[in-house]
Amino acid sequence: MKKWIEISIHMLFWLCTAWLISSSFSIQSHEIEVVNGIEEVKIFRNSGLAYQLLICILFSFIAFYINAWLIIKNSLTCNVTNLIGYVIVTFIILSALVYAITEIRFLGFAPPIPKLIAFGVSTFYFSLSIAYALVKNSIYANYRNQQLLIDKKQAELSLLRNQLQPHFLFNALNNLLSMVNHSANPKLESSFDQLSHLLRFVIEDNKAEKISISKETEFLKNYIELQMLRFEKGEVSIQFNVKGEYDEQKIEPGLFIPFVENAFKYGTEPEKTSKIDIQFDLSKTDSVKFEIKNNMMMTNTNSIGTGIETTKKRLDLIYPGKHKLKISNEDEFIVQLIISTQ
């Protein structure tokens, strides 16, 4: 639904319900007159009651959107405890304000609003805010699931189209590896083996919806070893540290490789000294922390961000409200990513 249509519907809802409630519950008396044998009913409303009802509706209006915003925000993070707590606190504050309206004489000439009516009005709007937020969440979740299905189908189609070439390369590498003189070319054998592992990950492991973080780090290590073949000894200093023992947490495959590719593409140059620092923190059972630092060696960096932008979209789709990504580019290019795996 377009934003202006939604806003128009909300405005119409509040205007109609405010008019209906204030006009219906501010009736003070009815008077029947007979004029020329025709009965006429006159309705007298208390303007003071109507004003107090409008104040009650105003408080309900504020609570409606605060409550809906809190529900939508906390539903994204799947924090049910916080969600229930915020709803209860918001309702208590609203009830306290409504109670004050029924006790304090804002208008001396008007009788106070009956508590039953005041709390009925506020509860009516508050219940609607919960229903509105839940429907909004349902629509968003349905849209996100459809988007994930579309992306998955596109990825599967792309994989099917290109499946023959990786399998061919994988088999060809194994045949070439069998022809290598292991004693004469130990480095070449190791390189073939690492490339074979990379292809196996792309062909087999990458098909799974989630893989263990240990497989992901192993894939990154093989990729780094192959990249290091381009450089002389001492040109690139690599720090790859994995802290913590919870390396079987399941994550979306291939989330970290764009950042490592970016570091090698823009943070290294042959015949120059450079450094790449990669850290994984797996010390918690429900989160993965990743950080990579590198100097910016290349002067033309207009194309930086293509792979990273794609990764951002994947994170937003797969981990909405469950990840934090911070990228800074000052003295060093630093990427910090935290993913909640539960």
Checklist entry - What strands (runs of 3 or more DSSP E) lie completely within region 211-326 and have 1 or more residues being under 22 Å from the mean Cα position of the chain (by Cα)? => result 274-281, 287-294
Checklist entry - If you check every pair at least six apart or on different chains, which have Cβ atoms under 9 Å apart with a residue in region 82-101 that is buried (at least 18 other Cβ atoms within 10 Å of the Cβ) first and a residue that is among the aromatic types (Phe, Trp, Tyr) and not in a helix (DSSP H, G or I) second? => result none
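Every number here is computed from the coordinates shown, using simple stated rules; none is lab data. For clarity, every value in this text was computed on a predicted model and none was experimentally measured. Every residue, glycine as well, gets a Cβ built from its backbone with ideal geometry; the counts of neighbours run over all protein chains shown.
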